[in-house]
Each structure stands twice: as C-alpha cells, then as structure tokens.
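Scroll down for the structure; my scribbles are underneath it.
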Amino acid sequence: MSKAYEAEFSAYSWILDSGTTTHICAQREIFVTFETIPPRTIKGLGDKPLIACGQGTVLLRTCIGENKYLQLSLMKVLYVPEAHQNLISIRCIDNAGGHVECTSSHMFLHDVNNNQLAKATLKSGLYYLGAEPIPESNEAHIALKIKCAWTWEEWHH
C-alpha cells in the first residue's frame, strides 16, 4: 500500500466515525460513479457549515493483514470538497449489516458473516483506516457494499 495513503492527515486518509450519518469524501477524482446533487449544507465537520455538491461510489483497497487486501464499495458517499478528512460512517456500516469491533488501539470492520473487511489504527484520538482509493475493477472482489440508509437531512430533522 502506498505510503501516501497510510500517512496521518493525508488528503486520502479515511477515518471511521461514529458521529457522522453518511460517508464523506473530499476528493472528486476517486469517485468511480458520481452525480451532481443540489447544494446541501453539512454541519458538524468543523466550525462552519460545508456544502455537499455531489454523491457517488468510492472503492477502497483495505489491508486486513500482511499481504491480505479486500475491496470495499462505499455507496452514496457525499462529495464535500472543503472537508478536511474523508469519513466512513459507522452507522452506514451497521445499516448495511456489518459491525465494528473496538480494542484499545484498533477498530475492525466486519461484514454480516463476521468476516474482517478492514482495520483502523488509533492515531491522535482518531481511527485511521488502512486503505487507498482504487479505480473500478471488474475482477476485484467487493467484500461489502456499504450504503447509507438515511440522508443527512433525514437524520437531523
């Protein structure tokens, strides 16, 4: 896995977040499907509201062990260009039938059959996922399609 994707606070970092109700990505170039949406105000990502202007699917290559990789498909990811970090919603993982397991220094994503899908490491109080974006691939195994069931507005109204 590329060091650029492993670095803390990299533009391509992904953080597992129990507070967000939807997946959020700031890099338009890593979406494999994308549609423009009417501007949507997003609160809770810093000291000022941000605007989501698109949504789509992001594919991530996750490391689950030495030389063991899987591909995750995150669906209905909001494109928020001014977001400082990419976020994976634990709520969306739960809604898709998956779950997380926490230890003192790691968080593990599991599918409905309890297969490990990803591993996040605790750094500076946040769980960083060992993952990198990948282009859509027909031969890659998609371990779990994680789709958010609720929109940001539905959750906060």
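Every read-out reported here was derived from the displayed coordinates using simple, explicitly stated rules and does not represent laboratory data. These figures come from a predicted structure and were not determined experimentally. Reconstructed Cβ throughout: ideal geometry from the backbone, glycine too, with neighbour counts over all protein chains shown.
Here are some notes:
- HN-Hα J in Hz across segment 49-66 - Karplus 6.51, -1.76, 1.60, θ = phi - 60°, x for Gly and Pro: x, 10, 10, 8, 10, x, 7, x, 10, 10, 9, 10, 8, 10, 9, 10, x, 4
- Prolate/oblate/rounded label for segment 72-137 (Cα gyration tensor, a/c 1.5): oblate
- Which of MET75, MET107 has the fewest Cβ neighbours within 10 Å, and the rest in rising order: MET75, MET107
- Given their separation in residues at 0.36 nm each and the Cα-Cα distance between them, ASP47 and ASN114 gain 20.4 nm when the chain is fully extended.
- Loop-located trypsin sites (Lys or Arg not before Pro) in segment 29-124 (DSSP state not H, G, I, E or B) with no more than 14 neighbouring Cβ atoms inside 10 Å: LYS43.
- Rounded to the nearest 20 debye, the dipole size of segment 1-130 about its Cα centre is 120 debye, using +1 on the Cβ of Lys and Arg and -1 on the Cβ of Asp and Glu.
- Residue pairs exceeding 25 angstrom between C-alpha atoms, taken from LYS48/LYS119; LYS43/LYS68; LYS76/LYS119: LYS48/LYS119; LYS43/LYS68.
- Near the amide H of ILE42, within less than 5 Å, lie the amide hydrogens of LEU50, ILE51, ALA52, all on another chain or at least 5 residues away, with H placed in the peptide plane.
- Listed from fewest to most Cβ neighbours within 10 Å, the set ASP17, ASP47, ASP94, ASP111 follows the order ASP47, ASP94, ASP111, ASP17.
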